[in-house]
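Asks: First, the structure itself, so that you have it in front of you.
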Amino acid sequence: MNAQVQSKRAQLKQAKLAATEERLQGLALPEGGVWATEARQAALARLREMGLPGRRDEYWKFTRPDTLVQEEVPVAEVFAHDEAPVFDGIDRLKIVFVDGVFNAAESDPLDLAGVEIERLSDAAKADIHWAREVFGVLEARGQSPVERPLAAFNTGFAEDGVLIRVTGRAEKPVSLIYRHESESSDAILHHVVRLEKGTNLTLLENGPAAARLNKVLEVDIADGASFHHVRAQGRDHQRRAGTHIFARLGAESALKSFTLTVNGKLTRNECVVEFTGDDAMAHVAGACLGDGDFLHDDTVFITHDAVACESRQVFKKVLRNGATGVFQGKILVKPGAQKTDGYQKSQSLLLDEDSQFLAKPELEIYADDVACSHGSTSGAIDEEGLFYLRSRGIEEGPATDLMTLAFLAEAVDEIEDERLAEEITMRLEGWLARRRG
Amino acid sequence: MLEIKGLRVKLEEEDKEILKGVDLTVEPGRVHAIMGPNGSGKSTLSYVLSGREGYEVTDGSATLDGEDLLDLEPEERAALGLFLAFQYPVEIPGVGNMTFLRTAVNAQRKARGKEEMNATDFLKLIRAKAKDLKIDAEMLKRPVNVGFSGGEKKRNEILQMAMLEPKMCILDETDSGLDVDAMKLVADGVNALRDAGRGFLVITHYQRLLDHIKPDVVHIMSDGRIIKSGGPELAIEVEENGYADIKAEVTA
Ligand SMILES: Nc1ncnc2c1ncn2[C@@H]1O[C@H](COP(=O)(O)OP(=O)(O)OP(=O)(O)O)[C@@H](O)[C@H]1O
Ligand SMILES: [Mg+2]
């Protein structure tokens with residue numbers, strides 16, 4: 001019987017690899033200098049070995065990968081609205097991409113004290129570049145023990161993106177703005193951020209980007225450096241996105257990443273964090289609001305391979321009208337990673353019975369002196385609380401919104417900068433108010 | 001002001017009748033007290049009046065200044081001027097006490113066609129009222145009732161009442177769990193609101209609160225009915241002899 005299972009598995013793998021080859025047919029790696037070409041070829045080789053994601057893969061059981069993988073891009077209408085974009089009031093260096101292509105005319109000059117910014121397509125022409133130590137490297141490290149083929153595909157084929165090297169204290173945030181203009185655009189973006197020792201950067205991202213987006217962000221955070229990341233994924237209802245963050249943290253460094261997702265037909269956000277130096281901390285959080293034809297998937301993997309690091313995952317989802325939320329989060333504590341403090345919380349607020357939340361929280365611990373906890377819950381609005389608010393004269397709609405915002409607050413609180421947190425809260429309030437009409 | 005006639009209420013989910021024909025009228029400017037054994041239906045009455053779900057009114061009526069309460073949403077009842085200080089105030093993690101109160105005050109002002117109160121005026125007002133009740137400014141910033149002690153929760157109820165200035169105030173065991181000084185504070189808070197246009201219905205087990213808030217009428221509720229009404233002396237009788245005598249007297 002075992003042999004049968006084995007051969008069945010082998011057959012499936014073979015079929016998968018064949019399908020992958022078929023998908024890769026006619027695709028050529030972008031032209032570039034030595035360092036980029038080597039990295040791209042290595043990524044392609046990785047991809048060919050593992051194959052593109054399929055429905056039977058352990059971490060694709062809840063979310064169907066086909067529309068992210070297939071050649072044809074499902075159409076996504078451009079969502080027209082006249083609201084000021086998020087982060088509008090924040091002083092920042094703007095870098096604009098339209099349907100996944102850098103737009104120099106709309107971007108600020110790429111000059112910022114203490115920060116070097118280059119376009120990937122320019123940097124890739126060189127034969128040597130600092131980015132070779134990060135580009136595709138963190139992605140490759142993140143392929144084990146769980147494969148992330150979409151990210152390998154990205155490293156291989158991404159032509160655009162930014163390479164950011166931080167050598168000092170950035171005086172303002174770098175802001176990546178993703179505009180979506182064509183209803184069948186297929187964007188592949190790859191960004192690399194390297195924070196040198198003791199440096200500091202806030203990176204903002206916002207916008208729907210394209211009909212379909214495959215994005216990788218690799219962040220290498222050296223000792224004592226700190227990286228803040230806040231993103232708001234665009235409101236376009238039919239857009240699809242598969243994104244990855246790969247972060248490597250040195251000693252006493254810090255990562256804080258928050259993602260807001262409203263709307264979108266399919267969003268898969270993976271976040272892979274590796275602690276390599278002691279006393280570092282990583283907080284990753286997300287708030288999502290979904291209504292109707294909406295699937296949002298957070299897949300997180302935190303590896304503690306150093307002493308006394310703190311990791312915290314806080315993911316909150318508000319779902320209604322049949323929306324689906326997925327959370328797959330893992331904390332892996334390697335042998336010797338003593339004094340690890342790992343925390344994971346994933347919660348959904350289901351505003352009706354048609355919506356669902358699928359969660360797979362995991363802990364794997366090989367050290368004895370650690371404190372790790374995880375909790376996953378799924379529930380409706382607290383009726384007692386709602387009645388209490390209403391009994392004080394607050395109408396049902398606003399009372400429900402207050403309770404909903406309260407539910408999301410723990411995730412939003414992970415944003416350190418108050419003004420950024422306010423920007424995000426305003427988006428949440430706006431979304432809720434619009435649903436009430 | 002508040003007029004309850006022949007009110008019968010059962011649980012929605014079960015076939016259990018809890019209020020079995022309650023008659024009660026509170027006139028403006030008056031304080032009525034309700035006492036009665038555990039489980040007699042006092043809280044149920046206060047919940048039904050304020051519009052909590054889970055109950056079914058099978059007979060009778062309840063009006064506030066002639067307006068039928070029972071058909072209204074909880075927020076509409078509040079806008080009419082009904083207020084319930086909960087026996088068990090609800091904790092709402094994530095909603096700041098201040099935000100909550102400001103939203104409530106402005107929602108009611110809006111419902112009554114008044115302009116919203118601006119942030120500065122609101123702050124001034126709430127600080128003053130909180131001070132009277134010895135409520136720490138820190139407590140106003142915390143989430144609603146979360147981590148409040150029993151007594152703090154009760155004082156927070158009275159603060160809400162003071163801010164909302166309702167016409168008809170129902171206090172459900174606001175004295176339970178209060179120390180002697182806190183009880184005095186709460187009573188002072190209630191007394192400060194007493195005026196010719198405002199009615200109170202004070203549910204309590206103890207005569208002590210009624211020493212501070214002098215009731216005009218005391219009712220005894222037992223098994224879903226008001227079985228006896230009288231003056232303040234009735235509360236003293238209960239304190240001394242319990243309910244057995246009164247029940248016996250009524251059934252006799
Ligand atoms: N939702 C409910 N489900 C089941 N039973 C209920 C419910 N609400 C009230 N009851 C029952 O109705 C009766 C009256 O309860 P209520 O809380 O009104 O009493 P009370 O007079 O306020 O008592 P206490 O003095 O203990 O506060 C009790 O027997 C209680 O168990
Ligand atoms: Mg009670």
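Asks: Share of antiparallel DSSP beta bridges in the stretch A:31-385, in percent to the nearest 5?
Replies: Close to 5 percent.
Asks: Can you list the trypsin sites (Lys or Arg not before Pro) in the stretch B:5-95 that are in a DSSP coil and have 12 or fewer other beta carbons within 10 angstrom?
Replies: Listed in order of number, the matching sites are B:Lys16.
Asks: To the nearest 10 Å², what's B:Leu164's accessible area with a 1.4 Å probe?
Replies: Here the accessible area works out near 10 Å².
Asks: Over the heavy atoms of B:Ser61, what accessible area does a 1.4 Å probe trace out, to the nearest 10 Å²?
Replies: Rounded to the nearest 10, that gives 40 Å².
Asks: Defining a contact as two alpha carbons under 8 Å apart and six or more residues distant in sequence, what relative contact order in percent does the stretch A:178-301 show?
Replies: Dividing the mean separation by the residue count of the stretch A:178-301 yields 22 percent.
Asks: If you take every DSSP beta bridge whose two residues both sit in the protein assembly as shown, what share of them, in percent to the nearest 5, is antiparallel? All intermediate terms of the calculation are to be shown ahead of the outcome.
Replies: On the way: 34 of 182 bridges.
Of all bridge pairs located within the protein assembly as shown, approximately 20 percent are antiparallel.
Asks: Could you list which residues have their amide H under 5 Å from that of A:Thr243, counting only those 5 or more apart in sequence or on another chain, with H placed in the peptide plane?
Replies: Those lying under 5 Å, H to H, from A:Thr243 are A:Lys215, A:Arg268, A:Asn269, A:Glu270.
Asks: Report, in debye and to the nearest 20, how large the dipole of the protein assembly as shown comes out about its Cα centre when Lys and Arg carry +1 and Asp and Glu carry -1 on their Cβ.
Replies: Numbers: 84 positive and 116 negative charges, 139 e Å.
With Lys and Arg at +1 and Asp and Glu at -1, about 660 debye.
Asks: Where the eigenvalues come from the Cα gyration tensor of the stretch A:353-433, what are the semi-axes √(5λ) of the equivalent ellipsoid, largest first, in whole Å?
Replies: Result for the stretch A:353-433: semi-axes of 30, 19, 13 Å.
Asks: How about A:Lys265: which lysines have a C-alpha closer than 28 Å to its C-alpha, ignoring those fewer than 8 places off in the same chain?
Replies: A:Lys16, A:Lys61, A:Lys94, A:Lys215, A:Lys256, A:Lys316, A:Lys317, A:Lys330, A:Lys345, A:Lys360
Asks: Here is a follow-up. Amide H neighbours of A:Ala359 under 5 Å, at least 5 residues apart or on other chains, H built in the peptide plane: list them.
Replies: A:Phe327
Asks: When Cβ neighbours within 10 Å are restricted to other protein chains, what is their mean count per residue of peptide A:379-390?
Replies: 6
Asks: On to the next question. List the lysines whose Cα sits under 16 Å from the Cα of B:Lys153, skipping any in the same chain fewer than 8 residues away.
Replies: The reachable lysines, counting only those whose Cα sits under 16 Å from B:Lys153, are B:Lys129, B:Lys131, B:Lys134, B:Lys141, B:Lys184.
Asks: Another one. 222 nm [θ] for chain A, helices only, -39500 (n - 2.57) per DSSP H run of 4+, per residue, to 500?
Replies: -7500 deg cm²/dmol
Asks: Moving on. In sequence order, what are the phi-derived ³J(HN,Hα) couplings for the stretch A:196-211 according to the Karplus relation 6.51 cos²θ - 1.76 cosθ + 1.60 with θ = phi - 60°, rounded to whole Hz, with x for glycine and proline?
Replies: 6, 3, x, 8, 8, 8, 10, 10, 10, 9, 7, x, x, 6, 5, 5
Asks: Using amide H atoms built 1.01 Å from N in the peptide plane, name the residues 5+ places from A:Ser378, or on other chains, whose amide H lies under 5 Å from its own.
Replies: A:Ser348
Asks: Another question about this same structure. Other chains' Cβ within 10 Å of B:73-86 residues: what's the mean?
Replies: On the way: counts 3, 12, 11, 3, 3, 7, 2, 1, 1, 2, 3, 3, 0, 4.
That works out to 4 on average.
Asks: What average count of beta carbons from other chains do you get within 10 Å of the Cβ of residues in A:393-406?
Replies: That average works out to 6.
Asks: Please compute, for the alpha-carbon atoms of the stretch A:1-72, the extent along each of the three principal axes and give them in descending order in Å.
Replies: Here the spans come out as 50, 26, 21 Å, largest first.
Asks: Karplus couplings for the stretch A:356-366 from phi (6.51 cos²θ - 1.76 cosθ + 1.60, θ = phi - 60°), rounded to Hz, Gly and Pro as x?
Replies: Each residue's phi maps through the Karplus curve to give 9, 10, 10, 10, 9, x, 9, 10, 9, 10, 10 Hz.
Asks: Can you tell me which aspartates and glutamates have their Cα less than 16 Å from the Cα of B:Lys228? Leave out same-chain residues fewer than eight positions away.
Replies: Candidates past the 8-residue exclusion: B:Asp23, B:Asp216, B:Glu237, B:Glu239, B:Asp245, B:Glu249.
Asks: Can you run phi through the Karplus equation (6.51, -1.76, 1.60; θ = phi - 60°) for the stretch A:248-253 and list ³J(HN,Hα) in whole Hz, with x for Gly and Pro?
Replies: Whole-Hz 3J(HN,Hα) from phi for the stretch A:248-253: 10, 10, x, 4, 6, 9.
Asks: Report the longest stretch of chain B that contains none of the GluC sites (Glu not before Pro) sitting in a DSSP loop with at most 15 other Cβ atoms within 10 Å.
Replies: Result for the longest clean stretch: B:117-252.
Asks: Now for a separate question. Evaluate the relative contact order of chain A (contact order divided by residue number), counting alpha-carbon pairs under 8 angstrom at least 6 apart; express in whole percent.
Replies: This gives 11 percent for chain A.
Asks: Related question: Bin all alpha-carbon pair distances of the stretch A:31-385 at 20 Å intervals from 0 and give each bin's fraction as a whole percent.
Replies: Result, from short to long distances: 31, 61, 8, 0 percent.
The values are calculated or read from the model by the stated rules, or taken from the named source; none is laboratory data. Quick caveat: nothing in here was measured; it's all calculated off a predicted structure. Positions of Cβ are generated from backbone atoms using ideal geometry, with glycine treated the same way; all protein chains shown enter the neighbour counts. The protein model used for the area step is the full one, side chains on, heavy atoms only, and it has no ligands, DNA or RNA in it. Shrake-Rupley method; radii C 1.70, N 1.55, O 1.52, S 1.80 Å.
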